[in-house]
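**Q** Structure provided below as structure tokens; questions to follow.
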Amino acid sequence: MLRRMAQVCLGLVVLIVVLSAFMRHHGAGVGCADWPACYGQAANALQASGPTPAGDGVALARLGHRVAASLALVLILVMLFGCLATRPILRREGRLAAALLVLALGLAALGVVSAGTPLPAVVLGNLLGGFLMLALCARMVVVAGDPQGRPSDPLLARMAGLVAILLVGQFALGALVSATWSAPACSSFGDCLDLAGRSGWDPAAFDPLRVPVPGDAAGATVQLAHRVGAIVAAAGALVLGVLAWRRGRRGEALALAGFLLAVLALGALIGGGALSMPAVLLHNLGAAGVLATVLRLP
């Protein structure tokens with residue numbers, strides 16, 4: 001029963017991540033009519049004039065986000081009380097459920113206190129918090145479905161932990177690209193390298209407390225870091241997949257390869273200038289799949 005609840009919770013968190021991405025990117029102007037001139041302008045107008053009525057798509061996404069978040073919170077509470085009420089107490093599952101509750105309440109508080117704030121720190125907090133919740137739900141599915149504990153594989157566990165850290169770092173860089181409207185700053189690795197050099201490799205581009213400006217040349221530095229991070233994280237995931245295959249975890253290895261290829265292909269498409277809403281959302285969904293698969297391996 002606990003495993004089924006964890007699976008439902010994982011599905012809800014994936015939905016929350018995708019809906020959050022849709023609202024964030026729609027607000028920045030992804031898919032706007034006169035791309036890329038319109039990119040970031042909607043957010044600037046919001047800062048200047050205050051909130052404006054949302055379109056039907058955004059209103060539905062916001063409603064769906066609130067419903068999914070509320071259901072996830074209720075489910076997390078049920079899982080936590082269930083772990084504590086069982087005799088003996090389910091300690092591993094209880095710790096995961098407690099961490100999920102802390103994250104869910106923290107994200108809710110962040111949403112209340114940061115409404116309308118343009119700071120990248122808010123995007124970072126929301127995105128990383130959502131992906132951490134996804135990671136904990138994925139672990140809960142594994143732990144709750146294996147009450148006896150599977151034989152330990154220290155090397156696989158260490159490698160999965162390292163790749164998970166690389167992925168979280170890459171997600172943070174992706175959040176900065178989104179939050180600073182750096183997506184159209186450059187369209188190729190060489191272009192990003194050249195523009196980043198011209199801008200003086202400005203470290204302020206990574207400041208989460210700096211209000212972003214659309215078209216800022218420092219965006220190329222953020223884009224370059226994201227592209228380099230993608231190479232590093234993909235290499236780590238590839239090594240992990242090969243290791244999992246050799247350890248007999250072939251289902252997870254194939255799933256990891258599939259998600260990874262999809263994310264890289266979509267990332268190349270987006271980086272080349274095809275910044276459409278479906279591509280961006282699928283890119284986020286694929287990233288969630290990579291992380292969830294990695295965390296099934298330890």
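**Q** Per 0.36 nm of contour for each residue apart, how much would the distance between residue 198 and residue 63 grow if the chain were fully extended, relative to their Cα-Cα spacing?
**A** Gain on extension, residue 198 to residue 63, equals 44.2 nm.
**Q** Report in % the part of the accessible area of the chain that belongs to carbon and sulfur, leaving out ligands and nucleic acids; probe 1.4 Å.
**A** Accessible surface attributable to carbon and sulfur in the chain totals 70 percent.
**Q** Tell me, what ³J(HN,Hα) does each residue in segment 121-130 have, in order and in whole Hz, if you take phi through Karplus 6.51 cos²θ - 1.76 cosθ + 1.60 with θ = phi - 60° and put x for Gly and Pro?
**A** These are the phi-based 3J(HN,Hα) values: 4, 5, 4, 4, x, 5, 5, 5, x, x Hz.
**Q** What value, in deg cm²/dmol to 500, does the helix sum -39500 (n - 2.57) over DSSP H runs of n ≥ 4 give at 222 nm once divided by the residues of the chain?
**A** After summing the helix terms and dividing by the residues of the chain, the value is -25500 deg cm²/dmol.
**Q** According to a simple spin-label model (label point 7 Å from Cα along Cα-to-Cβ), what is the distance in nm between residue 247 and residue 114?
**A** Taking the two extended label points, one gets 3.4 nm.
**Q** While we're looking at this one, here's another question. Using 1/(1 + (r/R0)^6) with R0 = 35 angstrom and r between the beta carbons of residue 265 and residue 87, what's the FRET efficiency to the nearest 0.05?
**A** Between residue 265 and residue 87 the formula returns 0.10.
**Q** A follow-up question, please. For segment 179-248, what is the accessible area per residue in Å² when the probe is 1.4 Å?
**A** 48
**Q** While we're on this one: Relative to the longest principal Cα axis of the chain, at what angle does helix 277-294 sit, 0 to 90 degrees, rounded to 10?
**A** Around 30 degrees separate the two axes.
**Q** Sticking with this structure for a sec: Counting only the heavy atoms of the protein chains, how much of residue 216 is accessible to a 1.4 Å probe, in Å² to the nearest 10?
**A** Here the residue's solvent-accessible area equals roughly 60 Å².
**Q** Right, something else. Rounded, prolate or oblate: which fits segment 182-298, taking a ≥ b ≥ c as square roots of the Cα gyration tensor eigenvalues, rounded meaning a/c under 1.5, else prolate when a/b beats b/c?
**A** prolate
**Q** For the full complex of protein chains and a 1.4 angstrom probe, list 270, 231 by accessible area with the highest value first.
**A** Highest to lowest solvent-accessible surface, that is 231, 270.
**Q** Ok, one more. What is the helix-to-structure angle for 154-179, meaning the angle in degrees between its Cα long axis and the longest Cα principal axis of the chain, kept from 0 to 90 and rounded to the nearest 10?
**A** It is inclined by approximately 30 degrees.
**Q** To test your reading of the geometry: what angle, between 0 and 90 degrees and rounded to tens, separates the Cα axis of helix 219-246 from the longest principal axis of the chain?
**A** 30
The values are calculated or read from the model by the stated rules, or taken from the named source; none is laboratory data. These figures come from a predicted structure and were not determined experimentally. No Cβ is skipped: glycine too gets one built from the backbone with ideal geometry, and neighbour counts run over all protein chains shown. Heads up: the accessible areas ignore ligands, DNA and RNA and are worked out on the full protein's heavy atoms, side chains in. Shrake-Rupley method; radii C 1.70, N 1.55, O 1.52, S 1.80 Å.
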